[in-house]
Amino acid sequence: MMTRPQQGRPNRLTRPSIAIAAAVAVTAGVVAAAPDAKTAAPAGPKLSLIAASKSVTLDSWKDDPGVYLDLGTYLTSEKGAFELKVTRKSYKDPVVAKQIIRNGKKTTTKTLPAGLVKDFAGLPGFMTVNVADAAGKSVLKKSESFCPNNASGRVRPDAPANSKYPQSCPANPFTLGSVWGVENGWAANTFAGYYSAPVQLPAGKYTAKVSVTKKYRDLFGIANKPQSVKVVVRERSWEEGEGVSASTAPSSAKSAAKSAHGAHAGHGAAADPAPSAHDAHAGHGAPARTDAPAAATTGAGPTFNVGHGPYPPAPPALPWALKKQAAEKQAAGKDASGAQGFSAARVGDRAGQTDGSRQAPGVQPNAKRPTGKATVPNVPKPDLRSLPAYGITVSDGYEDVPGKDYLAFSANVWNAGPAKLVVDGFRSPGKKLMDAYQYFYDAKGKQVGYTPTGTMEWDPRPGHEHWHFTDFASYRLLKADKKETVRSGKEAFCLANTDAVDYTVKNANWHPSNTDLSTACGQENSISVREVLDVGSGDTYTQDLPGQSFDITNLPNGTYYIQVLANPENRLKETNHKNNSALRKVVLGGKKGARTVKVPAHHLVNAN
């Protein structure tokens with residue numbers, strides 16, 4: 001996937017929850033042009049490029065120069081939804097993208113050109129942005145990818161109140177299938193969000209010309225109608241008395257802005273990460289959890305770092321339109337509390353505006369533990385599968401465990417369905433463990449059975465601090481002959497839907513709940529907890545967590561395999577127990593205190 005290097009520490013791998021990005025309700029009055037006269041519009045919805053505003057103000061910070069070109073341009077879809085199904089048969093096969101065109105009861109499929117889409121981040125090279133200075137001289141030209149699931153909103157009041165499509169494009173390197181779409185009567189932000197790199201533009205005035213590239217205009221019948229946006233770049237500083245921030249922004253607004261600015265540091269990684277609990281030395285005394293929150297979202301991508309990591313949940317980013325309104329209101333002296341206070345009164349997921357500020361709460365367990373005879377009925381069950389390990393790195397034990405070497409990694413277990421995994425934990429008064437039960441449901445969603453399935457335990461370590469279901473997965477380091485040499489001590493997990501692994505499987509839930517880990521897995525004083533892994537989603541534990549590593553101090557150099565094994569004791573009932581293991585090859589080298597690791601590509605997936 002995507003990593004953000006840190007000096008002196010192993011690369012930290014952030015993971016996505018399924019939280020939606022900021023939404024912008026595009027105002028009426030935008031008229032779409034007809035497709036190019038020379039291009040016959042193909043069957044499908046009518047797509048148009050629009051600009052929500054004629055001008056934007058972008059900030060460049062003295063301590064971290066760079067401007068993110070969130071220009072407020074959108075792709076609208078009328079006369080039907082714009083839908084793409086993106087899949088790969090296996091990691092040996094390339095990604096294939098198909099457009100799904102629905103016309104009443106008739107559905108047709110159009111396969112996009114081979115090689116056009118290479119991953120699940122969106123349509124590559126979809127947009128071209130040309131920036132000219134005040135004198136009209138071109139100073140920047142760049143292309144941007146487009147994720148149709150980006151921050152979106154309705155363009156007309158009679159459009160569907162809610163979009164049926166998933167929220168953001170998946171970033172897990174081992175994603176198998178995704179669905180992208182712009183709902184009928186909606187518009188999606190063309191800014192590439194966390195996939196976009198900053199550009200260097202000095203403070204000043206510019207004009208940005210945004211257009212859809214010709215290959216996509218021809219492919220989807222989009223009008224050749226570039227949008228021009230006036231851009232003001234202002235330099236800002238966090239030091240009191242310097243730049244615009246000191247004179248115009250109250251401290252609360254500066255704090256909110258700095259948090260939002262940190263979002264661009266790299267796929268949601270904290271802008272100024274504090275030392276994190278080292279992956280391996282569970283029980284060796286990790287540093288206390290930092291009070292600094294994870295970075296806010298960019299406004300066009302998912303919230304990162306909201307649970308299985310050492311940082312508290314990220315605050316939501318404000319939609320661009322709301323930020324603009326807040327700034328205007330503040331400048332007029334009408335909002336004494338600053339942009340942050342204004343946003344708190346205005347944001348929220350509701351009809352036509354899904355800005356991601358409402359984090360999904362954990363689903364509720366049954367009112368009481370089940371009674372009667374336990375039964376495992378003949379109904380659909382989950383199918384747990386493991387993804388190959390990734391985010392693999394080596395490090396020493398730092399000052400906490402001097403003289404040690406560790407191999408750290410990120411791992412994901414996902415549910416291929418066709419039924420969701422539901423596990424409730426119930427605590428008897430005074431007991432340290434909860435009794436866990438797996439529930440089963442018929443086709444109508446009625447609970448028709450249950451079975452005891454182990455226990456849940458409270459994990460007090462920084463980066464966890466919630467109830468873990470025991471024996472959900474196991475991590476093992478195998479020698480070249482595939483025989484076990486080291487086993488990780490971690491086998492207990494808080495279940496949550498952190499990654500969209502394959503939303504094309506039967507009964508996949510494109511809008512899972514239980515994505516906000518601050519509530520999904522309970523508190524220390526909880527009497528009961530419900531943990532859910534929905535169909536199509538997986539649960540990633542990143543390399544920066546206690547237990548996510550192997551002690552390799554005394555292992556010889558050579559070839560090994562990291563095994564991620566779901567449901568190792570087969571306590572959970574599922575449709576298939578033969579597909580629970582995934583292996584990732586690694587080659588250890590170096591010497592004690594300076595070990596190295598090489599991670600060969602896994603078939604066509606070249607992500608460490």
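Values quoted throughout were computed directly from the atomic coordinates according to the rules given, and no laboratory measurement underlies them. These numbers were taken from a predicted model, which means no experiment stands behind them. Cβ placement follows ideal geometry from the backbone for every residue including glycine, while neighbour counts extend to all protein chains displayed.
Within the range 153-209, the percentage of alpha carbon pairs spaced more than 19 angstrom apart rounds to 53%. Per the Cα gyration tensor, the range 389-446 maps to an equivalent ellipsoid with semi-axes of 38, 22, 5 Å, ordered largest to smallest. Would you mind classifying the range 381-487 by shape? Square roots of the alpha carbon gyration tensor eigenvalues, ordered a ≥ b ≥ c; an a/c under 1.5 is rounded, otherwise it is prolate if a/b is larger than b/c and oblate if not. Since a/c reaches 1.5 but b/c is at least a/b, the shape of the range 381-487 is classed as oblate. Relative to one another, the C-alpha centroids of the range 158-228 and the range 107-133 are positioned 9 Å apart. For Tyr441, the residues whose modelled amide H falls within less than 5 Å of its own, excluding neighbours fewer than 5 places apart on the same chain, are Val448. What separates the Cα centres of the range 419-473 and the range 520-588 is a distance of 16 Å.
In units of the compact-protein estimate 2.2 N^0.38 Å, the range 525-592 shows a Cα radius of gyration of 1.52. Candidate cross-link partners of Lys89 among the lysines, defined by an alpha-carbon separation under 16 Å and a same-chain spacing of 8 or more, comprise Lys98, Lys118, Lys506.
Highest mean packing first, where packing is the average number of other Cβ atoms within 10 Å per residue, the peptides 592-605, 69-82, 122-135 line up as 69-82, 122-135, 592-605.
Ranked by the mean number of other Cβ atoms within 10 Å of their residues, highest first, the peptides 181-188, 51-58, 152-159, 426-433 come out as 181-188, 152-159, 51-58, 426-433.
Rounded to the nearest 0.05, what FRET efficiency do Thr111 and Thr559 have when you use their Cβ-Cβ distance and R0 = 45 Å? Approximately 0.70, to the nearest 0.05.
The string of couplings for the range 127-138 from the Karplus curve (6.51, -1.76, 1.60, θ = phi - 60°) is 10, 10, 10, 10, 10, 10, 7, 4, 8, x, 7, 5 Hz, one whole number per residue in order, with x for Gly and Pro. Volume per residue for the range 125-233 equals 135 cubic angstrom (convex hull of Cα atoms). In units of the rule-of-thumb radius 2.2 N^0.38 Å, the range 91-170 shows an alpha carbon radius of gyration of 1.49.
Using the Karplus relation 6.51 cos²θ - 1.76 cosθ + 1.60 with θ = phi - 60°, the per-residue 3J(HN,Hα) values for the range 203-208 come to 4, x, 10, 9, 10, 9 Hz, with x marking Gly and Pro. Judged by the mean number of other Cβ atoms found within 10 Å, the most tightly packed of the peptides 231-237, 559-565 leads the ranking 559-565, 231-237.
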